[in-house]
Amino acid sequence: HSVGLVGAPFSKGQPRDGVEKGPDLIRGAGLVEKLRGQGCAVKDYGNVDFDDVSDDSPVGKVRRPRTVGLANQRLADAVKAIKEDGYVSVMLGGDHSLAIGSILGHAASQKGLSVVWVDAHADINTPLTTPTGNIHGQPLSYLIKELHCKIPAVPGLSWIKPCVSADDIVYIGLRDLDPGEHYILKSLGIKAYSMTEVDRLGIAKVMEETCEHMFSRGKKPIHLSYDIDAIDPTVTPATGTPVVGGLTYREGIYITEVIHQTGLLSALDMVEVNPKRGKTDDEIKSTVDTAVDVVLGCFGRTREGSHPPNYSVP
Ligand code: ARG
Ligand code: MN
Ligand code: MN
Ligand code: MN
């Protein structure tokens with residue numbers, strides 16, 4: 001595997017400080033060394049430079065649309081370049097509004113994508129349904145072709161061209177949706193495995209069905225957008241919008257093992273790690289270490305262990 005890593009130290013898609021520290025913390029926990037240790041070639045493209053936009057007053061309910069829009073233009077360019085260099089893109093956030101740029105950049109280099117969205121939240125509010133105005137709760141609404149007619153022109157965001165179809169999306173881990181989001185999921189018939197389905201089916205069946213659904217219309221490159229708050233806050237508490245009743249560590253890792261086995265992973269987002277939301281160093285460490293393990297699982301780390309191909313017992 002060759003991994004092209006990019007950091008996106010950005011927090012303006014939501015109101016809480018600290019999530020911009022995600023990329024350097026995850027690197028600091030040894031991500032690059034560990035990926036290399038499991039046989040990946042890694043190029044670290046560094047962190048994207050984000051400019052502040054001076055006058056960015058809310059537009060309707062939407063907060064900081066120009067700042068978030070510009071950041072995502074920068075990120076889209078970075079991810080597109082990584083894909084054109086032939087790497088699997090790994091974007092370390094930052095908040096989940098960054099999925100806009102990551103998915104657009106990815107889509108610019110591949111003709112069709114499947115998106116697997118692992119999250120407690122659906123992040124599909126439109127500028128008109130959002131209860132908070134925070135764009136990290138909205139990214140998918142701008143990206144889905146079938147929703148385009150419901151998206152008003154918002155300064156800073158109107159350049160976004162939707163690039164994914166509703167039936168190329170699978171959600172896993174949902175447990176906190178706003179009414180507008182639930183309506184959109186049902187009316188577009190988006191495949192969604194909430195925690196109820198994880199409980200009913202078990203994670204193995206959920207992943208089997210996820211793959212079946214994705215492959216039923218041909219094998220497309222996979223964009224895995226992984227919000228750390230999908231996992232239960234007892235394991236990953238250092239995040240901005242924790243929700244009780246989440247994926248276990250094992251379920252969270254199992255998802256990555258199956259995605260790796262498809263051989264189709266083409267881009268990964270690891271977002272919403274916020275050290276300032278951890279109450280103790282242990283809470284921060286558990287969150288960051290789990291984020292690292294999610295990435296490692298995506299690139300072939302197996303819990304059964306492994307050995308080099310030419311290995312023999314001395
Ligand atoms: N649904 C809420 C909102 O739209 C929460 C979104 C949380 N999103 C996230 N990426 N953590 O504001
Ligand atoms: Mn979330
Ligand atoms: Mn999210
Ligand atoms: Mn492999």
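The values are calculated or read from the model by the stated rules, or taken from the named source; none is laboratory data. A quick note: this is a predicted structure, and the numbers were derived from the prediction, not measured. Cβ atoms come from the backbone with ideal geometry, glycine included; neighbour counts cover every protein chain shown. All accessible areas refer to the heavy atoms of the entire protein, side chains included, with ligands and DNA or RNA removed. Shrake-Rupley method; radii C 1.70, N 1.55, O 1.52, S 1.80 Å.
Only a single criterion out of (1) touching a residue at least 40 places away in the same chain (Cβ under 8 Å); (2) surrounded by fewer than 19 Cβ atoms within 10 Å (Cβ to Cβ); (3) in a helix (DSSP H, G or I) is not satisfied by D229, namely (2). Residue pairs whose Cβ atoms lie under 8 Å apart, separated by 6 or more positions or on different chains, with the first residue in segment 289-314 and among the β-branched types (V, I, T) and the second within 16 Å of ligand 3 (Cβ to nearest atom) and assigned to a loop (DSSP other than H, G, I, E, B), are T290/T236.
Would you mention how many residues in segment 248-289 are in a helix (DSSP H, G or I) and farther than 26 Å from M214 by Cβ?
Let us first name the residues in segment 248-289 that are in a helix (DSSP H, G or I), namely 249-262, 275-277, 281-289.
Next, only the ones that are farther than 26 Å from M214 by Cβ stay: 275-277, 281-289.
Number of matching residues: 12.
Picking from residues in segment 99-122 that are open to solvent by less than 10 Å² (accessible area, probe 1.4 Å) and more than 16 Å from ligand 1 (Cβ to nearest atom), the one that is nearest to S158 (Cα to Cα) is G105.
Can you tell me how many residues in segment 279-300 are open to solvent by less than 100 Å² (accessible area, probe 1.4 Å) and more than 16 Å from ligand 2 (Cβ to nearest atom)? Let's see the steps before the verdict.
Keep residues of segment 279-300 that are open to solvent by less than 100 Å² (accessible area, probe 1.4 Å), which gives 280, 283-284, 286-300.
Within this subset, residues satisfying the condition of being more than 16 Å from ligand 2 (Cβ to nearest atom) are 280, 283-284, 286, 288-289, 292-293, 295-300.
Qualifying residue count for the region: 14.
Only residues that are under 23 Å from V164 (Cβ atoms), under 19 Å from the mean Cα position of the chain (by Cα) and either more than 16 Å from ligand 3 (Cβ to nearest atom) or among the hydrophobic types (A, V, I, L, M, F, W, C) (or both) were counted across segment 199-232, and they come to 11. Kindly indicate whether H96 is modelled with pLDDT of 95 or more, under 20 Å from V243 (Cα atoms), open to solvent by 20 Å² or more (accessible area, probe 1.4 Å) and within 16 Å of ligand 3 (Cβ to nearest atom). Judged against the criteria, H96 is not a match.
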